[in-house]
Every structure is written in structure tokens, then in C-alpha cells.
Amino acid sequence: MYVAQQVKIPKPQEPQQFRMNAIDGGLNVKYNELLISPNQSPYMVNLCADDRGALTKRPGQMVAHTFATGPIHAVFNGLYKDKVVAAHGTKLSTWDPVTNIETEIMTGLTDQDGRFSIFSDKLLYRNGAQYIQFDSTTAAHCKDSAYKPVLLTGRAPSGGGTAYQEFNLLTGWFEVWFTSRLASTATEYVLPLGNLDADTVTIEVVGVATPIEGTSFTVNRTTGKVTFTIAPQGTVDTNDVKISAKATQAGFIDKVLKHPLSELYGGATNDSRMFIGGGEGNIYRYTGLTGDPQKDFKYFPENSYNRIGSDYEVITGFKKQYGMLDIFKENSLFNITYQYDSTSGKSTFPVKSMNAQIGCNMPGGIQIIQDAPVFPHTQYGVNTIQSTVLENEKNIKPLSANIDGATFRPGLLNEAKADLQKASSIDFGGKYWLCVGSKCWVWDYKLQGYAPGMADDMLKWFYYENINASCFAIIDRELYYGDRLSGKLVKFIENYNDFGLPIKAVWRSKVFNFDLAEWEKTVQKIWFETRAGNNTTLNMKFITDSDTQIDSEFIKTKSYSYKGYSYLAYSYAIYTFAVTIMKEPKLSKIIRFQVEFSNDELNSNLSLMSLIIKYSLDGETK
């Protein structure tokens, strides 16, 4: 019978070295800090790995402009006609970054979150209560100039006709085109709707002087009957009498205004329609085609809608992907495609279910990253769509396992649900930024993108504090955000300060036992490299099983300084090599070891490129 033999690991005669040539793995609170990868950190704040994996402080912040009232609900992503456009408090304003002039465009808006979009050349704003159009100088409610649909053409004075367009939910105005020659002596023209509003009815008789209500004709608003004093007759054979009237339908306009979400979509080749949803119910609606793109965004046909999925779940987001439009609900995911029937001349939007378990209830976090939608959920974290071919519970893959949080290791999903649901996001600089409250989780997909089959704990996430973004915007290739609580428009800057105050940065290593948990050790020396070209300040802390030792020496590495030098004798070249620093903790009879670097000095970086730990074994634990 074989009996296992216990092998005693001999004590090495020479000290051992544990070498980390890269420490760019980001934050990991998924696993115990002893079990994470050596290049990951169980606790890091305000650091990124922008310099080819070397750790450095995140960019600083400055106030670019403060709008007269706050908070900021939305900022257009870019410049519109050379100006920044923002919805803040109850106002819509522009700010010229060249002249620093703020101009109020509209007031009286509901004080709640909204979104901007572009249709044709018009800037549009929706907030679940108002729907606004803006053309760089003036803003107006879309309902006030909504498209007036032609309900019927070729109609005889007594009735009939050919259906042409549907009633517009955004307005009670409509037109009917009559052909007077079908009854050349008729003076009574019957509209298809009664109970007309008091607004003046207008009539065009082609080629004839414009008739005037009360003089040339009268209107029975209850029955919708128009009576001419003289039978009208235009100069064309058909559709020569065009009557415009208004019949407001209760609740119709609310079906448009209540939806705060929108996305442009018209198939794989154009963005000819606007889809809206959210706010209430499982209905999405879309605009019709009028033949004039300047009017299409103000035409919501009465029957251009669809119910999607369960009535219990509201729509939480839209995102265009390739030739599809993805529609998110809290716990399900669908997409629609575009089809055109050449026989009937009608466009349809077939719906396909993609997942019936996971969706999105943090709509501000939806982005397209690496050609696929990325979307967060308050229970499941950040996810992506791996396949859009068939409904499959495996086509949704998690991305945020490292930062979601675990027992005694709080993370993203430990934030208040209300804050999670108001998250904002942006795709900038090869990173997916997700801001919840004043905290920001950043996936650096440029460092490590996602590929099908990849373990999600390989992805590199970083954590920033003091970023209170209700919305983000990229303006002239630089990143800005609107403050959740005030009218501040904040810009990220290269300097290491937040509004003139220090940025606190921390990086803590994993717990090292060097795979020898039964041995006591002495940590003799550590070496670390800091990046060239930066003023770096480092405070060090050594953490062991039973003690925390703060290194008393304040470490500074400086970039080139001109102080005391003659500009005539020296060039502007700087020293480009990294700086290697050695410390001697001399920690004896320890089993586990951690090192922490921190910095909270104004305009000073925390730069780390590599870490080497030299240790020896003292003996087996008793």
C-alpha cells in the first residue's frame, strides 16, 4: 500500500525575489486579497494605467463654466453651431467657450433629467415632460409647430376619400383634401372629425382667393361640417379644396411627451425615424415620414407603435447596433430590424427577443464598446451582448465581476439603488466610464478588451472618486461633465489637482505569502520604479499579519527643473529614464505582507511601473 510521504521544503540559502514587471491589473474586490492576481489591487483610488500600463493619477478637474442655475440635466455631446448647449435647472442655455458668454435660450422647463439628440440639423431635447427643438438661436416646443397630417385625399364634399396619413399625436391639427369637381355645386363639406377646437379653420382653394371663416364659410364645430356661401372650385382637377382644422384628442400628446428616451433609427443605411419610449408602460413609438426631414421629427402617427415584452416592465433604453436597434427592459432584451414591403409600400420593424432574463435598469450606462452594447444592471453589474443571432441565455456576458463587490468587500453594486439607476456614462480615451453618485468605475478596454470566452476577471477596471457627473460630453476632443448638484460644467485637465485641491491616490498590493503559507519570512528589500517626466510623491505603508508600519521617509522624484540654470547654457531636454527606488522594510518573522503607496500632495503624481520584493524564509510556523 502506498503511503504519502510528507516532503519538507528546505530553507533556501539565498534570498528569493518576487518580481512584478507590471501592476496594471486594476481593482479586484471579487476575490480575497490573497487570491487576486499579483498585478491587481484590492484597494486603489484615483489611479489609471494610461502610460502603457504604468500607474499614474487620473486627470485633474477644473470648472470650465458655471451656468446660472443648476443642476445640469444634460449637455449635448459636442459643439452645436460652435456652442456648448446645456439643460440646467429649468433652463436651456448655450455657452460660447471662446467668448465665455452664456445665453439663455428657454426657461420654464421641468427640473428633471433629459437627453439631447440631432435630427437632420435640429438639436432636440426630451425630458419626459417637454420636447424642444433648437436651431442655434431660438428654441421652441415641437408641439407648437408639429406636422399637420393630411388624413384623406380625393374626398367628396359629403365624405369618402383615400386614407393618406394618420393623426399626429403631437397636435390636434389635421388637413383633409377635397375634390370639388366631384360635386361642383356643393356648399357643405364634411370633415371626418367633429368636436373641433375653437382655433380658426383655414381653407385653401387652389388658384382662388383664400376663403375667410365667418365671411366665406361657417363651421359647425360639433359635427365638423363646413358650409360655404358659394360653392368652391379650384383650378386643378383633384384635391383643390384643402381644409385645415384642429380636434385635440385627450391624452394624445402625453403619449409622446412622457417618453424620455429616444434613438434615431431607420435600418442599416439611414436614421430616418426617431424611436421613443420609457417613462411608462412597455410601448415604444416612432415618427413617420412626411417627405421633409425638417418636419419628420414632429410627426408621431397615431398607430406607429408597438408593445414589447411584458406590460410589467417599462422600456429602459435604446441603442443602435449595426443594422439593428436594441431595446432594453429591466429584465429582458430585444432588437428590431427594418423591412420594407415594396408591394404595399409600407415599412415594418420586426421584433426579436434576445434574452428573457437580463436587461438594463441603469439606462444612462448604455454605450457601444468594441462594436457591442455595454449595459449595467443594479443586480447583475455591467454586461455585454456576445451574440445577436438567436435568443440564448448565454448571449449576455458579465464584464464587471472584479468591481461588483462581495461580502466585506464593497463595490459598484453596493451603491444605493437610486444612485445606480441615475448612473451616467461615456466612451472616451479607450475607456468605458460609469459614474454613480460621485464615484466612477472605469473599464480600460484599450488595455484589455473583451473577447468571447474570456474570463471576466481578466478585465481591467479602475476606480475614481470626486466625479459627480450627471452627464458627460466630449467637446473638442476633451472630456467634460455636468455636475449633478450645481450648474458647473467641469473639464478634465492634465494637472494633478481637483479644482485647485489635491487628488488623493492610493494603490495597495495584494497580500503576498509567496505561496509558502507555512513559512515565516523576512522582507529584506523592495524596489519600485516611478515614471520619468513627473513630479512624484510617495508615502509608503507596510502591512503584515500583526502590524502596520508606516515608512517615515517621504519619497519624491522630480522631473527636470530650470531653477538655478541659465537658459543660454542648457537645453529644454529632460531626463527620460525611469527612476528606481530601494527601501529596506526589514520585517522579520511574518507570514503575509502588503505594501501600500499613497499620495495626496497638490500637483504631484503617484507613478508606479514595477515592484520587486526580496525576501528570505526564517522557518516553519509553529
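The values are calculated or read from the model by the stated rules, or taken from the named source; none is laboratory data. Just so we're clear, the structure is a prediction, and the values are computed from it rather than from any experiment. Cβ atoms come from the backbone with ideal geometry, glycine included; neighbour counts cover every protein chain shown.
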Would it be correct to say that Lys255 is surrounded by 16 or more Cβ atoms within 10 Å (Cβ to Cβ), basic (Lys, Arg), within 26 Å of Ile118 (Cα to Cα) and touching a residue at least 24 places away in the same chain (Cβ under 8 Å)? yes
Between a first residue in the stretch 450-470 that is over 25 Å from Ala74 (Cβ atoms) and a second residue that is basic (Lys, Arg) and in a loop (DSSP other than H, G, I, E, B), which pairs have beta carbons less than 6 Å apart while being 6 or more apart in sequence or on different chains? Asp457/Lys30
Might you let me know whether the stretch 389-407 holds any residue that is in contact with a His (Cβ under 9 Å, 6 or more places away or on another chain) and at pLDDT 95 or above? no
(1) in contact with a Gly (Cβ under 8 Å, 6 or more places away or on another chain); (2) at pLDDT 90 or above all hold for Ile543 apart from (1)
Taking the condition of being outside any strand (DSSP E or B) and either surrounded by fewer than 17 Cβ atoms within 10 Å (Cβ to Cβ) or at positive phi (or both), how many residues in the stretch 345-376 meet it? 6
Checking Tyr450 against (1) under 30 Å from Val98 (Cα atoms); (2) among the hydroxyl-bearing types (Ser, Thr, Tyr); (3) in a loop (DSSP other than H, G, I, E, B); (4) touching a Leu at 6+ places or on another chain (Cβ under 7 Å), which single condition isn't satisfied? (1)
For the stretch 187-195, does any single residue satisfy the condition of being charged (D, E, K, R), buried (at least 18 other Cβ atoms within 10 Å of the Cβ) and in a strand (DSSP E or B)? no
Condition set outside any strand (DSSP E or B) and in contact (Cβ under 8 Å) with a residue 60 or more places away in the chain, scope the stretch 510-519, selection nearest to Ala54 (Cα to Cα): answer is Lys510
Go through the stretch 274-332 residue by residue and tally those that are closer than 25 Å to Gln386 by Cα, part of a loop (DSSP other than H, G, I, E, B) and of a type in the set (Asp, Glu). 2
For Lys510, are the conditions met, namely being surrounded by 20 or more Cβ atoms within 10 Å (Cβ to Cβ) and of a type in the set (Lys, Arg)? yes
Any residue that is under 18 Å from Ser470 (Cα atoms), in contact with a Phe, Trp or Tyr (Cβ under 6 Å, 6 or more places away or on another chain) and surrounded by 22 or more Cβ atoms within 10 Å (Cβ to Cβ) - is there at least one of those in the stretch 389-408? no
Enumeration of residues in the stretch 234-255 that are in contact with a Pro (Cβ under 9 Å, 6 or more places away or on another chain) and outside any strand (DSSP E or B): Asp240
Any residue in the stretch 181-200 that is of a type in the set (S, T, N, Q), touching a helix residue (DSSP H, G or I) at 6+ places or on another chain (Cβ under 6 Å) and over 30 Å from Ala129 (Cβ atoms)? no
Name every residue in the stretch 203-230 that is outside any loop (DSSP other than H, G, I, E, B) and either more than 12 Å from Val241 (Cβ to Cβ) or outside the structural domain of Phe167 (by TED's automatic domain parsing) (or both), in order of residue number. Glu213, Thr218, Val219, Asn220, Lys225, Thr227
Unmet requirement for Asp144, which otherwise passes all of (1) assigned to a helix (DSSP H, G or I); (2) within 30 Å of Ser117 (Cα to Cα); (3) in the same structural domain as Asn220 (by TED's automatic domain parsing): (3)
Whether any residue in the stretch 241-257 is at positive phi and touching a helix residue (DSSP H, G or I) at 6+ places or on another chain (Cβ under 9 Å) is what I want to check. no
State whether one or more residues within the stretch 333-341 are surrounded by fewer than 13 Cβ atoms within 10 Å (Cβ to Cβ), in a strand (DSSP E or B) and modelled with pLDDT under 90. yes
List the residue pairs whose Cβ atoms are under 8 Å apart, where the first residue sits in the stretch 286-309 and is at positive phi, the second is among the hydrophobic types (A, V, I, L, M, F, W, C), and the two are 6 or more positions apart or on different chains. Gly309/Phe334
Report the residue count in the stretch 114-160 for those that are hydrophobic (A, V, I, L, M, F, W, C) and over 27 Å from the mean Cα position of the chain (by Cα). 5
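The rows are residues; the columns are (1) under 29 Å from Asn495 (Cα atoms); (2) assigned by TED's automatic domain parsing to the domain that holds Asn603; (3) in contact (Cβ under 8 Å) with a residue 24 or more places away in the chain; (4) of a type in the set (S, T, N, Q).
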{"position": "Tyr43", "(1), (2), (3), (4)": "yes, no, yes, no"}
{"position": "Leu47", "(1), (2), (3), (4)": "yes, no, yes, no"}
{"position": "Arg52", "(1), (2), (3), (4)": "yes, no, no, no"}
{"position": "His73", "(1), (2), (3), (4)": "yes, no, yes, no"}
{"position": "Asp96", "(1), (2), (3), (4)": "yes, no, no, no"}
{"position": "Thr103", "(1), (2), (3), (4)": "no, no, no, yes"}
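Each row is one residue, and each column tells you yes or no for (1) of a type outside the set (S, T, N, Q); (2) surrounded by fewer than 20 Cβ atoms within 10 Å (Cβ to Cβ); (3) in contact with a Pro (Cβ under 7 Å, 6 or more places away or on another chain).
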residue	(1), (2), (3)
Asn414	no, yes, no
Ala423	yes, no, yes
Pro452	yes, yes, no
Ala455	yes, yes, no
Gly482	yes, no, no
Phe499	yes, yes, no
